[in-house]
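The structure appears below as structure tokens.
The values are calculated or read from the model by the stated rules, or taken from the named source; none is laboratory data. The structure displayed is predicted, hence computed values, not measured ones. Here the Cβ positions follow ideal geometry from the backbone for every residue, glycine too, while neighbour counts run over all protein chains shown.
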Amino acid sequence: MRFSRIGFLIIFAALMPVPRFISPLPAETRPVVMEVDARQAPLRLFHARLVIPAAPGRLALVYPKWIPGEHGPTGPVTDLAGVTIKAGGNQIGWRRDELEMYRIICEVPKGVSEVELALDFLSAPPAEQGFSSAASTTTNLAVISWNQLLLYPELSRPRELSFEVSLKLPQGWSFSTALAVAQNSEAGIRFEKASLERLIDSPLLCGVNFRRVDITPPDEVPHFIDIACDSRAGLAMTGEQIGKYRRLVREARTLFGTRHYDSYRFLLSLSNGIAHFGLEHHESSDDRSAEDMLTDQGKFLVECSLLTHEFIHSWNGKYRRPAGMVRPSYQQPLDTGLLWVYEGLTHYLTMVLTARSGLWTEDQCRQALAVFDRWVEDRQGRRWRPLEDTAVAAQLLYEARRDQAAWRRGVDFYREGIFLWLEVDALIRQKTGGKKSFDDFCRQFFSGTDGSVQVVPYTLDDIVFALDRLAPYDWKAHLESRVQATGDQSRPRGLEAAGWKLAYAEEKSEYFKAFEGGNLNLAASIGAEIGAGGVITDVIPGSAAQAACLAPGMQIVAVNRRAWAKDLMEQAVAETGTEGRTLELIAQNNGFFDTYRFDYYAGARYPVLVRDDSRPDLLSRIITPLTR
């Protein structure tokens with residue numbers, strides 16, 4: 001069959017996607033007026049009304065898609081409902097772009113200079129996890145992320161749009177945010193005008209059980225930990241904890257030399273009904289943990305470093321940011337290939353500052369490093385997947401299933417980054433005879449003007465140049481050997497370079513017990529990680545568990561012919577170190593039962609660190625406080 005030339009062009013034109021355009025706005029653009037009603041937050045329901053300046057003609061509105069710090073197209077557009085647009089008092093129609101789900105289009109009639117947009121945001125229930133789409137509200141508290149509650153005109157530089165925001169909260173609730181407050185009355189809260197970029201960078205924490213903790217050191221700008229908790233009891237931060245976080249601020253200031261904010265707020269939400277994670281911002285951090293994080297010694301031991309990590313991001317991730325992760329709008333994809341610097345370097349400094357501030361003792365720091373180093377060793381997926389690819393593919397891996405993670409690999413650049421940058425620190429110290437260290441890199445690379453909230457991009461070449469100024473070396477080749485290669489040679493040797501090595505003990509360390517929580521981590525012995533009820537969550541490639549044909553998702557129902565119990569499983573593994581004792585499990589796999597026998601006789605093995613006396617103890621120097 002033949003098509004005439006004219007007929008082909010008509011069909012081709014009909015199949016073309018909606019052309020991209022820059023939305024027309026009035027010559028003198030007024031701020032977007034945004035009114036948020038959060039009085040139904042306990043019901044996980046938010047209402048927003050926006051008055052957006054607009055010129056007659058086609059108007060494209062977009063929902064923020066790539067949220068800074070979330071490293072993926074995570075904007076929860078599917079949680080929008082009740083979207084209506086009015087112009088001149090009359091409702092007008094809109095339609096979604098067939099190819100870009102985060103973009104809607106409407107026609108602004110003549111004689112109209114603004115449109116009124118109304119929407120509802122349906123916050124996720126407790127079972128839902130993630131970042132922007134995660135559970136963020138309970139009966140007693142809420143974390144409000146402004147990007148969830150707005151659409152903005154599709155412009156060439158939308159970050160420069162300004163917003164005038166007002167907010168209504170449930171009666172009796174208190175709040176905290178880095179946004180400047182213009183007025184706070186019974187009628188609601190009105191904030192000073194802010195750019196779209198600053199608005200999205202300044203979440204708000206609110207709740208009925210609220211406490212402000214001042215951790216400002218002498219001669220410093222204000223620093224606060226603002227806490228909202230589902231219970232009053234959970235607000236009980238002790239004087240000792242307060243002192244250590246105040247020390248954290250001092251240590252960070254000494255490490256970096258400058259700060260890129262005029263005040264800082266840790267927004268700490270404590271609840272078992274919200275997703276637990278942290279998200280960085282220039283002048284604040286969104287830190288979420290369990291309701292009893294402050295009052296349970298084990299949970300605090302593991303979770304206290306969360307605030308440290310997000311605080312460091314004010315320097316690395318917000319002020320200095322990989323060039324591929326700097327975009328003029330929130331719709332453009334990010335190049336996350338340098339997340340091993342953005343997150344990995346931050347995770348290394350988290351270890352350093354958590355120890356220097358006293359939140360961890362030296363011994364607890366070494367215990368944590370032992371746990372993490374064993375975890376890195378178990379990532380057998382490095383045989384086929386380089387670390388850099390876990391960064392490039394982060395937008396996929398954050399949401400990947402957790403089973404088979406040791407072979408698939410996940411966002412491994414966090415924990416592996418600890419040892420990659422520990423190795424760099426040790427190399428600097430070795431090559432300069434102890435005259436320079438990674439502390440000097442931080443003071444140079446993250447320096448700037450106090451109070452300056454801005455973004456200064458960096459590339460790998462910038463990192464290499466800064467390292468070479470401290471200690472001449474082929475840093476690029478070294479770093480590429482760690483992040484681009486596969487196999488054992490790509491594993492960073494930070495512990496060894498710092499004078500320590502991984503070993504094993506029959507008893508669990510304090511940190512290991514807290515890290516394990518209610519689960520059972522037998523990765524260093526039989527090679528299995530086991531969750532509640534005996535369900536296997538992962539099996540380490542090459543381990544005894546894999547050789548016995550166990551797999552994630554199976555449920556252990558009997559241990560050596562006795563009904564499953566966590567303590568019984570631990571005892572049975574420990575007894576394999578006794579002559580003549582074997583391990584035999586009965587497990588259910590999709591409704592079918594089978595017996596699994598282990599060829600394992602080494603007993604209980606839990607990771608610890610021991611000194612390598614053939615090398616200087618650089619680790620102890622690294623975690624020594626800079627301030628007194």
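What the table shows:
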| item | result |
| --- | --- |
| Odd one out for residue 486, checked against (1) part of a helix (DSSP H, G or I); (2) farther than 20 Å from residue 626 by Cα; (3) assigned by TED's automatic domain parsing to the domain that holds residue 339 | (1) |
| Pairs, first under 23 Å from residue 405 (Cβ atoms) in segment 551-568, second among the hydroxyl-bearing types (Ser, Thr, Tyr) and assigned to a strand (DSSP E or B), C-beta under 9 Å, six or more apart | 552/537; 553/537; 554/596; 556/596 |
| Residue ranges of strands (runs of 3 or more DSSP E) in segment 273-325 with at least 3 members in contact with a Cys (Cβ under 7 Å, 6 or more places away or on another chain), modelled with pLDDT of 95 or more and surrounded by 23 or more Cβ atoms within 10 Å (Cβ to Cβ) | none |
| Residue list for segment 351-370, filter: among the β-branched types (Val, Ile, Thr) and surrounded by fewer than 24 Cβ atoms within 10 Å (Cβ to Cβ) | 361 |
| Every residue from segment 538-556 that is in a loop (DSSP other than H, G, I, E, B) and either within 30 Å of the chain's Cα centre (by Cα) or closer than 15 Å to residue 377 by Cβ (or both) | 540, 541, 542, 543, 551, 552, 553, 554 |
| Selection status of residue 441, surrounded by 21 or more Cβ atoms within 10 Å (Cβ to Cβ), touching a residue at least 60 places away in the same chain (Cβ under 8 Å) and among the hydrophobic types (A, V, I, L, M, F, W, C) | no |
| The one condition in (1) loosely packed, with under 14 Cβ neighbours inside 10 Å; (2) outside any loop (DSSP other than H, G, I, E, B) that residue 572 fails to fulfil | (1) |
| Pair list, Cβ < 7 Å and 6+ apart or interchain, from segment 392-413 residues that are at negative phi to residues that are among the basic types (Lys, Arg) and part of a helix (DSSP H, G or I) | 400/408 |
| Every residue from segment 173-207 that is surrounded by fewer than 20 Cβ atoms within 10 Å (Cβ to Cβ), in a loop (DSSP other than H, G, I, E, B) and under 26 Å from the mean Cα position of the chain (by Cα) | 180 |
| The listed residue being without any contact (Cβ under 8 Å) to a residue 12 or more places away in the chain and more than 25 Å from residue 627 (Cα to Cα), out of 286, 230, 292, 296 | 296 |
| Residue 534 vs. criteria over 24 Å from the mean Cα position of the chain (by Cα) and buried (at least 21 other Cβ atoms within 10 Å of the Cβ) | yes |
| Filter result (out of contact with any strand residue (DSSP E or B) (no Cβ under 8 Å at 6 or more places or on another chain) and closer than 30 Å to residue 111 by Cβ) within segment 28-83 | 28 |
| Matching residues in segment 306-345 - criterion: being in contact (Cβ under 8 Å) with a residue 60 or more places away in the chain, closer than 23 Å to residue 253 by Cβ and polar (S, T, N, Q) | 308, 316 |
| Residues located in segment 489-546, provided they are closer than 30 Å to residue 431 by Cα and free of Cβ contacts under 8 Å to residues at least 12 places away in the same chain | 489 |
| Residue among 73, 26 that alone is modelled with pLDDT of 55 or more and over 27 Å from the mean Cα position of the chain (by Cα) | 26 |
| Residue 410 being touching a helix residue (DSSP H, G or I) at 6+ places or on another chain (Cβ under 7 Å), in the same structural domain as residue 494 (by TED's automatic domain parsing) and assigned to a helix (DSSP H, G or I) | no |
| Residue within segment 56-68 that is in contact with a helix residue (DSSP H, G or I) (Cβ under 6 Å, 6 or more places away or on another chain) and among the β-branched types (Val, Ile, Thr) present | yes |
| Which numbered condition residue 449 fails, given (1) buried (at least 20 other Cβ atoms within 10 Å of the Cβ); (2) hydroxyl-bearing (Ser, Thr, Tyr); (3) modelled with pLDDT under 95 | (1) |
| Hits in segment 105-131 - residues which are among the aliphatic types (A, V, I, L, M), crowded, with 17+ Cβ neighbours inside 10 Å, within 29 Å of the chain's Cα centre (by Cα) and closer than 17 Å to residue 150 by Cβ | 119 |
| When residues of segment 412-437 are limited to those that are within 14 Å of residue 346 (Cα to Cα) and of a type in the set (Val, Ile, Thr), the one surrounded by the fewest Cβ atoms within 10 Å (Cβ to Cβ) | 424 |
| Residue match in segment 372-388 (condition: without any contact (Cβ under 8 Å) to a residue 24 or more places away in the chain, in a helix (DSSP H, G or I) and surrounded by fewer than 20 Cβ atoms within 10 Å (Cβ to Cβ)) | no |
| Residues of segment 588-628 that turn out to be of a type in the set (A, V, I, L, M, F, W, C) and within 15 Å of residue 573 (Cβ to Cβ), as a count | 3 |
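Residues are listed down the side, and each one gets a yes or a no for (1) assigned to a loop (DSSP other than H, G, I, E, B); (2) buried (at least 22 other Cβ atoms within 10 Å of the Cβ); (3) in contact (Cβ under 8 Å) with a residue 40 or more places away in the chain:
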site	(1), (2), (3)
220	yes, no, no
255	no, no, yes
262	yes, no, yes
268	no, yes, yes
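Residues checked against (1) touching an Asp or Glu at 6+ places or on another chain (Cβ under 7 Å); (2) of a type in the set (Lys, Arg); (3) part of a helix (DSSP H, G or I):
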residue	(1), (2), (3)
492	yes, no, no
496	yes, no, yes
511	no, no, yes
526	no, no, no
